[in-house]
Every structure is written in structure tokens, then in C-alpha cells.
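One structure below.
The values are calculated or read from the model by the stated rules, or taken from the named source; none is laboratory data. Computed from a predicted structure; not experimentally measured. Here the Cβ is made from the backbone with ideal geometry for all residues, glycine too, and neighbour counts use every protein chain on show.
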Amino acid sequence: MRTLPVVPRRDEFDALVVRTDYCDDRAWQDVAAEMMESWGDRQYEAHVHFINDPAWAEATADEVLTAVSTDEDLSVVFLADRVSMQTEHHPLLAVTTLTREDCVDDEDYEQLTEFGREFRTVPAGGNEIYANLSIGNLGFEEFAAWAHDDPERIYQPF
């Protein structure tokens, strides 16, 4: 596993989006623009920290998680990967930072990752997911379940 650059200081209220695919700058601009739109019926301002550095090209979810592991305020990281850049709605890969060590026991971990430790979300859902996880209003497993129930397996915001 390679070592990625240190993530520049991120405000705890900013969702983190890491670009790992550099094949389509226009698609990246679309992703970034959609992430910066107000959300929640336009009543909440978006707060996003973008990493747009080719040093992160082709980084895997595990590599990104290792790179951000010291950020205690981060519960989810969003990857703008090849699927994001090549698919019509640019679905980001939402990956939980939860580890087995964060849980009481194996059963707790299995329950919290019942639908896996990652799922796809349209960029417009990223801020909603991050905000709700940050305040403990909803859990990663709930968003993962909604994505699982979607015909395209992509979380669509309410």
C-alpha cells in the first residue's frame, strides 16, 4: 500500500471529497459544483474540503482511509473515482471511517456495516450524509440501506 500526502487541515464541519480519477476534468468540475450547492431544500450552505491532487490518482478506498485515519472528526469520506467520473450522475463512493476497533464487539461492527462499508451517492447527497453522521442524527448503515434499496444502488437525497 502506498503512502498518500497528508490531508491539509480540514474544518471539522467540512465534508471531505478526494478525487482519485483524473481522466475527465469537466466531470470533476460537475461533481465539485454539485457538492457546493445548498442542500436540504436549499436551507443549508455546503461546506466541503476538496482534495484535487494527482498524487491521489488511482488511490484505493483503503489507502484513502489510512491517509485520513488521524482525523477524529471524520466519519465518512467521499471518493470521486473512475465510476464517479464516467457515470451520468457522477455517484461518489461514500466510505465509512468506522473500524472494528471503534465498536464494542464483532456483532456491533457487523450490524453497523450490514450493507458494507461503502455505497454510492449522488454528489447532492454528500452534504446531507456528512451532516447527519456528524451530529449522530443518522448512522452510516441507514444511508447504506437506502442506497441498497435504490434500483441503481445509489443514495438519492430526500
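Computed quantities for the displayed model
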| item | result |
| --- | --- |
| Any hit, the range 84-106, residues being surrounded by fewer than 18 Cβ atoms within 10 Å (Cβ to Cβ), in contact (Cβ under 8 Å) with a residue 12 or more places away in the chain, more than 23 Å from Glu45 (Cβ to Cβ) and touching a strand residue (DSSP E or B) at 6+ places or on another chain (Cβ under 9 Å) | no |
| Residue check for Gln86: farther than 23 Å from Leu4 by Cβ and in contact with a Cys (Cβ under 9 Å, 6 or more places away or on another chain) | no |
| Leading residue by the ranking (nearest to Asp25 (Cα to Cα)) among those in the range 40-61 that are among the acidic types (Asp, Glu) and modelled with pLDDT under 95 | Glu45 |
| Some residue of the range 122-143 being surrounded by 13 or more Cβ atoms within 10 Å (Cβ to Cβ), of a type in the set (Ser, Thr, Tyr) and in contact with a Pro (Cβ under 8 Å, 6 or more places away or on another chain) | no |
| All positions within the range 1-59 that are of a type in the set (Val, Ile, Thr) and closer than 18 Å to Glu128 by Cβ | Val17, Val31, Val48 |
